[in-house]
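The values are calculated or read from the model by the stated rules, or taken from the named source; none is laboratory data. On a predicted model such as this, the values are computed, not experimentally measured, just so you know. Here the Cβ is made from the backbone with ideal geometry for all residues, glycine too, and neighbour counts use every protein chain on show.
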Amino acid sequence: MQASQSLTQTFAALGDPTRLAILSRLASEGEQTVQEIAAPFAMSLPAVSQHLKVLEHAGLIARGRDGQTRPCRLNVARFAEASRWFDHTRAAWDARFNRLEKFLATTETKDDDHER
């Protein structure tokens, strides 16, 4: 249940374009302060802080403390957890499609035999 809830929070947090943009910037530029993160967005600092809280609550970012600043960085472990879920889900669907493909191949062969 815990893993399911954390994945739900992760995917819900990823569902917002602003949060995706924040994560992309952190991935490409590394650790940043709230002001640095907020700079390219046409929104208030409190609005950006709300997005950061959602990302932090979902475990996608971590905030440190460096004097007066609270730099944010990606939490790679949470992304690895989501990636494992995708890999597991992809493997299950691949297996289903392989079974369907085999079934259709045998059905087509039987249909070909009946047409002769």
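Could you list, in sequence order, all residues of the stretch 43-58 that are closer than 16 Å to LEU20 by Cβ and of a type in the set (Gly, Ala, Ser)?
ALA47, ALA58 - these are the residues of the stretch 43-58 that are closer than 16 Å to LEU20 by Cβ and of a type in the set (Gly, Ala, Ser).
Please go through the stretch 73-85 and pick out each residue that is modelled with pLDDT of 90 or more and touching a helix residue (DSSP H, G or I) at 6+ places or on another chain (Cβ under 6 Å).
Residue satisfying the conditions is LEU74 alone.
Just to be sure, is SER83 exposed (fewer than 10 other Cβ atoms within 10 Å of the Cβ) and either of a type in the set (A, V, I, L, M) or outside any loop (DSSP other than H, G, I, E, B) (or both)?
no
Looking at VAL54, VAL48, which is the one that is at pLDDT 95 or above, at negative phi and touching a Phe, Trp or Tyr at 6+ places or on another chain (Cβ under 7 Å)?
That would be VAL48, the only listed residue that is at pLDDT 95 or above, at negative phi and touching a Phe, Trp or Tyr at 6+ places or on another chain (Cβ under 7 Å).
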